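> Got a structure for you, questions after.
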Amino acid sequence: MHIEKAAGITLHSIFKNNTFRYITLSPWVLRANDPENVFSTQEAKIFFKLFPYFHGFGGHTTRVYLNYEQAVGKDIVYFTFLRHPVERFISQYFYHKQIMHIDWDIQSFIQDGHFNNFMTKRICGKDDAGLAIQYLKEKFKFVGLVEQFDESLLLLKYFLRLNGYNMHYEIQNVNRQKSNQQISKETLEQIKKMNQNDLQIYEFVKKTLFPQYRKNYGPNLESDLLKFKQEQPFFRFNKMKLLFHGILRHGMYRPVEKWLHHKYGYQAQKQQLS
């Protein structure tokens, strides 16, 4: 489940660099937490009948509370990555402003409301930290932290049993223009106040789940992480493999995904009900 500005593009690339049996799903609207952006169970059921060879999928449109396993008739292991809420919020703001060229100022971005407690809403469909924490405990096999990204990748490989996967990466989709120095201390406090639920779930993962992951991994985590960091600067993705993924996605999978969303997505279902 790809949460915006939480290393999702890099994660997609890691998986695509390891296998052709992984698909990245596409967002359809700017306000990605709106119901019409969901990859519905009916879409999933038909999509994976048409393309049964996929072993994994991810994207902004995935929702664990939809229980895709019931639609596709297979067990599904869910994972996601969280980022410190204030940093994530600011990064999304600058991405909209500098990359997407949307005419926001920081106050209008905050007051819009859609982007506050963004991670909480993505996890459980509501602005409810308690419910989100329940999902994090019960539905997710693993929850990584962007601030401990390398360590999270090793833990992810361990808990998802990705034997043979190379978890090294090249950083993707970084907005190097953004600067938190453009945000006043008063505004930072306002962002923090408006994202209390996200802060609560982030602290839960950091202080409760993550220590459990480390303990379960075992005593070799520190030495494995050191080795990983030593190897990381020399790694490069297989560009031809990623290019082939892109050709297949845009030439085959995305047109089908678009057709399914038009026919079976939230708006289509809403029209049928009315």
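The values are calculated or read from the model by the stated rules, or taken from the named source; none is laboratory data. If you're wondering where the values come from, they're calculated on a predicted model, not measured in any experiment. Here the Cβ positions follow ideal geometry from the backbone for every residue, glycine too, while neighbour counts run over all protein chains shown. Note: areas computed on protein heavy atoms with side chains; ligands, DNA, RNA excluded. Shrake-Rupley method; radii C 1.70, N 1.55, O 1.52, S 1.80 Å.
> Note the full-extension length gain between residue 147 and residue 239 as 0.36 nm times their separation in residues minus their Cα-Cα distance, in nm to one decimal. It would help to have the intermediate numbers written out before the result.
On the way: separation 92, 0.36 × 92 = 33.12 nm, distance 2.64 nm.
Taking residue 147 through residue 239 to full extension adds about 30.5 nm, to one decimal.
> Using a Förster radius of 35 Å, what is the FRET efficiency between residue 134 and residue 231 based on their Cβ-Cβ separation? Nearest 0.05, please. Spell out each step's value before the answer.
Details: r = 37 Å, r/R0 = 1.07.
Between residue 134 and residue 231 the formula returns 0.40.
> Round to a whole number: what % of the accessible area of segment 49-139 belongs to carbon and sulfur, probe 1.4 Å?
Values: 1960 of 3980 Å².
That share works out to 49 percent.
> Would you work out if segment 1-42 is rounded, prolate or oblate? Take a ≥ b ≥ c from the square roots of the eigenvalues of the alpha-carbon gyration tensor; rounded if a/c is under 1.5, else prolate when a/b is larger than b/c, oblate otherwise.
Numbers: a/c = 3.24, a/b = 1.57, b/c = 2.06.
Since a/c reaches 1.5 but b/c is at least a/b, the shape of segment 1-42 is classed as oblate.
> Let me ask something else about it. For the pair residue 212/residue 170, report the inter-label distance in nm, with labels modelled 7 Å from Cα in the Cβ direction.
3.7
> In a shell of Cβ-Cβ distance under 12 Å around residue 208, excluding residue 208 itself, what net charge do Lys and Arg (+1) and Asp and Glu (-1) give?
Values: positive: 137, 206, 207, 214, 215; negative: 203.
Summing Lys and Arg as +1 and Asp and Glu as -1 gives +4.
> Note down the net charge around residue 17, summing +1 for each Lys or Arg and -1 for each Asp or Glu among other residues with Cβ under 11 Å from its Cβ. List each step's numbers first, then the result.
Numbers: positive: 16, 236, 239, 241; negative: 170.
Residues near residue 17 contribute +3 overall.
> Using a 1.4 Å probe on the protein heavy atoms, what percent of the accessible area of segment 140-233 belongs to carbon and sulfur? List each step's numbers first, then the result.
Working: 2640 of 5670 Å².
With neighbouring chains kept in place, the figure for segment 140-233 is 47 percent.
> Dividing the convex hull volume of the alpha carbon atoms of the chain by its residue count, what do you get in Å³ per residue? Provide the component values of the computation, followed by the final result.
Values: hull volume 40.9 nm³, N = 274.
Per residue, the Cα convex hull of the chain comes to 149 Å³.
> Averaged per residue, what accessible area in Å² does segment 8-149 show with a 1.4 Å probe, protein chains only? Could the numbers behind the result be given before it?
Details: 5630 Å² over 142 residues.
Using a 1.4 Å probe on heavy atoms only, each residue of segment 8-149 averages 40 Å².
> If you don't mind, there's one more thing I want to ask. Label-point separation (nm) for residue 53 and residue 34, each offset 7 Å from Cα along Cα-to-Cβ?
Here the modelled spin labels are 3.6 nm apart.
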